[in-house]
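Data block below; observations after.
The values are calculated or read from the model by the stated rules, or taken from the named source; none is laboratory data. On a predicted model such as this, the values are computed, not experimentally measured, just so you know. Cβ: placed from backbone, ideal geometry, glycine included. Neighbour counts: every protein chain shown.
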Amino acid sequence: MTAPYSGRLTGHLCQCPACGHTFGGERGFDLHRVGGFAGFGAAVNNRRCLTDDEMRAAGLMPDERGIWRRPRPSRFAAANGESQAPSPHPLQGHGTGDETPALVPSRQAAA
């Protein structure tokens, strides 16, 4: 486990009030929270923070200051016009918002 970041929250830094981890931006912060929200009037929800191992599996890594960050795109690939096929989200289907929407047949195809 990395030591928690204890500096000032400036710029894009986000700190989770539930687990105390600090993230380099909103996307990493959002990625580490999984599960559904409780419906209106419901007393319990199943939202939670990912464990350190789960965050690493999702591609987040702590830097030397303990700030969890997403990997930066490869400069070499971008400079050479190469594109990397997106890998599936390791937590797909766990309430991260990355679920694949169902395909809806078009009206033209049915005609």
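Look at the range 66-88 and say how many of its residues are over 15 Å from the mean Cα position of the chain (by Cα), assigned to a loop (DSSP other than H, G, I, E, B) and modelled with pLDDT under 90. Can you show your working first?
To start, the set of residues in the range 66-88 that are over 15 Å from the mean Cα position of the chain (by Cα) comprises 66, 73-85.
Subsequent filtering for residues that are assigned to a loop (DSSP other than H, G, I, E, B) retains 66, 73-74, 80-85.
Narrowing the set further to residues that are modelled with pLDDT under 90 leaves 73-74, 80-85.
Of the residues in that region, 8 qualify.
Please tell me if Ala38 is surrounded by 10 or more Cβ atoms within 10 Å (Cβ to Cβ) and either of a type in the set (A, V, I, L, M) or more than 18 Å from Arg70 (Cα to Cα) (or both). Spell out the reasoning first.
On the way: surrounded by 10 or more Cβ atoms within 10 Å (Cβ to Cβ): yes; either of a type in the set (A, V, I, L, M) or more than 18 Å from Arg70 (Cα to Cα) (or both): yes.
Yes, satisfied.
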